[in-house]
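Here the structure comes first, spelled out in structure tokens, and everything after it is commentary.
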Amino acid sequence: MSLQNLQQTLKAGGCNQADQVILLIEECLRTGVAAGTDIVSAVAALGYNKQYVGLTLNQHTGSMPKQHYWFKTANGDYNLHE
């Protein structure tokens, strides 16, 4: 599913904007978009505020899977906790 299709599905289902951004970032990571700038650009291209997307990416980054959605690797890329 493309990011645009996912966005439309989320909006149609009544998903709020904060959750939309989180789920779109997760989809980026699932499809191999792992660099922070690429993630922010891809999600912002759908009409979200670039700064907000970056803040969301940073807020949910960490080493504890129960508290964070994703983590940053040694090379600076992002990855989902699995």
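One table, with the values for the structure above:
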quantity	calculated
Contact order normalised by residue count of the chain, Cα under 8 Å, 6+ apart, percent	23 percent
Alpha carbon centroid spacing (whole Å) that separates the stretch 2-25 from the stretch 32-79	15 Å
Segment residue 15-residue 37, length gained on full extension (0.36 nm per residue, minus Cα span)	5.5 nm
At least 18 Å along the helix axis (C-alpha) and Kyte average at least 0.0, DSSP helices within the chain	17-30
Distant alpha-carbon pairs in the stretch 3-80 (separation over 15 angstrom), percent	51 percent
Low-density loop cleavage sites - trypsin sites (Lys or Arg not before Pro) in the chain, where at most 11 other Cβ are within 10 Å (DSSP)	66
Solvent exposure of the chain as accessible area per residue, Å², 1.4 Å probe	60 Å²
Residues with amide H under 5 Å from that of residue 70, placed H, sequence gap 5 or more	62, 81
Extension gain (nm, one decimal) between residue 59 and residue 4, 0.36 nm per residue minus Cα-Cα	17.5 nm
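The values are calculated or read from the model by the stated rules, or taken from the named source; none is laboratory data. All values derive from a computational prediction rather than experimental measurement. With ideal geometry, Cβ positions are generated from the backbone for all residues, glycine too; neighbour counts draw on all protein chains shown. Calculation scope for accessible area: heavy atoms of the full protein, side chains included, ligands and nucleic acids excluded. Shrake-Rupley method; radii C 1.70, N 1.55, O 1.52, S 1.80 Å.
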